[in-house]
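Below is one structure, written out as structure tokens; the observations come after it.
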Amino acid sequence: MTRVAVIDTGTNSTRMLVADVGDGKINEVLRKTEITRLGVGVDSSGKLDADAKARVSRCIAGFREIIDDERAQMTIIIATSSIRDADDGEEFMKELSVQTAISHSILTGREEAVLSFTGSTIGLADAGRVFFFDVGGGSTEIAVGRPGDPDYVKSLGIGCVRLKERYFKSDPPGMNEIKAAAGHIDTLLASAIDIGSLGEFKTAVAVAGTVTTLAAVEMKLEKYDPVAVHGFVLSRQSVERLLAKFISMTRQERREIATMEEGRTDVIISGSLIVLRLMHYAGLDSLTVSERDILDGAAIRLADGSI
């Protein structure tokens, strides 16, 4: 087994996985997440915010110490939507690599989707064809195929942070804002994905903070429990009901929900709306929530030398 570490500089959060990988198997050692909101303002300005870059730099410096303590043999920083879309994203990643002595890879939307699909379908060998999606902060990745081998991949330039910044100015958002945002999502899905051409799929799997939060709230957990969340089946009716609940609450009221992270309170409505509209468009009555995601997929690829 090879001990690897992967850091993901996402639009809303910076995350790390340390795992032992070998023979197609992955054994998690530890996983950490910090809400750093690297993608704040990128949609409107095209550049990374100075304070956001400082938050990410501090976070990764802390992760570097943990990685050293855990004696990881291979380490990489992967970058996704906010870095792809920022004019100074590549420059920032080079700075991080120098500061931390960790190599980096800026993923294309397709690469992001494939790695996420690979990670999320670990252990689903008998699942048949899977419809997968990952609602991130700046983009949403969709993939369809057999576990570990998608035959359809799409990356859409809409995520919970980006949608919130474009459409939601009120707290909570008004119905006109909700309708405008939903219309934008529906138009984007209709223009980008011919759902009838995707063929049959047996299972729907979703990852990332929006769906894991929805699952935890639906289960009425007093404390977030990844073991309980992983594999939870979330119905479309539950998503509709939870979205209506969040819309009826102020940010402060949402903050009081036991399993709602501070950095999730202002984007849970936009993220839930993307999940709901995507479920409607794909005709999904339910989905299975996975705690395995792009970090797991990248860990496998890092260990075999393909990233």
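Restricting the stretch 13-28 to residues that are open to solvent by 10 Å² or more (accessible area, probe 1.4 Å) and within 20 Å of the chain's Cα centre (by Cα), which is nearest to I83 (Cα to Cα)?
In this case the residue turns out to be S13.
Which pairs turn up if I take residues in the stretch 89-113 that are in contact (Cβ under 8 Å) with a residue 24 or more places away in the chain and open to solvent by 30 Å² or more (accessible area, probe 1.4 Å) and look for partners that are assigned to a helix (DSSP H, G or I) and charged (D, E, K, R) with beta carbon separation below 7 Å, at least 6 apart in sequence or on another chain?
Final answer for the pair search is I106/R84; I106/E90.
Read through the list (1) modelled with pLDDT of 95 or more; (2) in contact with a helix residue (DSSP H, G or I) (Cβ under 7 Å, 6 or more places away or on another chain); (3) part of a loop (DSSP other than H, G, I, E, B), then give the number of the only condition that R254 fails.
With respect to (1) modelled with pLDDT of 95 or more; (2) in contact with a helix residue (DSSP H, G or I) (Cβ under 7 Å, 6 or more places away or on another chain); (3) part of a loop (DSSP other than H, G, I, E, B), R254 is out only on (3).
Out of E90, E65, E95, report the one residue that is closer than 26 Å to I158 by Cα, assigned to a helix (DSSP H, G or I) and of a type in the set (D, E, K, R).
E90
Condition first: assigned to a loop (DSSP other than H, G, I, E, B) and either in contact with a strand residue (DSSP E or B) (Cβ under 8 Å, 6 or more places away or on another chain) or open to solvent by 40 Å² or more (accessible area, probe 1.4 Å) (or both). Can you find one or more residues in the stretch 48-60 that meet it?
yes
With the structure loaded, tell me whether V135 is at pLDDT below 95, under 24 Å from V6 (Cα atoms) and aliphatic (A, V, I, L, M) or whether it fails that test.
When the stated conditions are applied, V135 does not pass them.
Among the residues of the stretch 172-186, write down those that are assigned to a helix (DSSP H, G or I), of a type outside the set (G, A, S) and over 22 Å from the mean Cα position of the chain (by Cα).
Result: M175, N176, E177, K179.
Restricting the stretch 265-307 to residues that are open to solvent by 20 Å² or more (accessible area, probe 1.4 Å) and assigned to a helix (DSSP H, G or I), which is farthest from Y167 (Cα to Cα)?
A303
Looking at the stretch 126-135, is at least one residue more than 19 Å from L287 (Cβ to Cβ), surrounded by 19 or more Cβ atoms within 10 Å (Cβ to Cβ) and aromatic (F, W, Y)?
no
Kindly evaluate V217 against the criterion of being crowded, with 16+ Cβ neighbours inside 10 Å and closer than 17 Å to L156 by Cα.
It is false that V217 is crowded, with 16+ Cβ neighbours inside 10 Å and closer than 17 Å to L156 by Cα.
Would you be able to tell me the number of residues in the stretch 277-292 that are basic (K, R) and either touching a Pro at 6+ places or on another chain (Cβ under 9 Å) or under 20 Å from A181 (Cβ atoms) (or both)?
1
Among D68, D8, which is the only one that is surrounded by 19 or more Cβ atoms within 10 Å (Cβ to Cβ), of a type in the set (D, E) and closer than 23 Å to R301 by Cβ?
Testing whether each residue is surrounded by 19 or more Cβ atoms within 10 Å (Cβ to Cβ), of a type in the set (D, E) and closer than 23 Å to R301 by Cβ leaves just D8.
For L38, only one of the following conditions fails: (1) over 17 Å from I106 (Cβ atoms); (2) assigned to a loop (DSSP other than H, G, I, E, B); (3) open to solvent by less than 40 Å² (accessible area, probe 1.4 Å); (4) not charged (D, E, K, R). What is its number?
The single condition L38 does not satisfy is (1).
Got a number for residues in the stretch 191-248 being outside any loop (DSSP other than H, G, I, E, B) and not β-branched (V, I, T)?
26
Restricting to the stretch 167-202, and then to whatever is closer than 28 Å to L295 by Cβ and touching a Lys or Arg at 6+ places or on another chain (Cβ under 8 Å), can you tell me which residue is surrounded by the most Cβ atoms within 10 Å (Cβ to Cβ)?
I185
The values are calculated or read from the model by the stated rules, or taken from the named source; none is laboratory data. Here the structure is a predicted model, which is why all the values come from computation and not from measurement. Neighbour counts are summed over all protein chains in view; Cβ atoms, including those assigned to glycine, are modelled from backbone coordinates with ideal geometry. We work out accessible area using only protein heavy atoms, side chains counted, and drop any ligands, DNA or RNA first. Shrake-Rupley method; radii C 1.70, N 1.55, O 1.52, S 1.80 Å.
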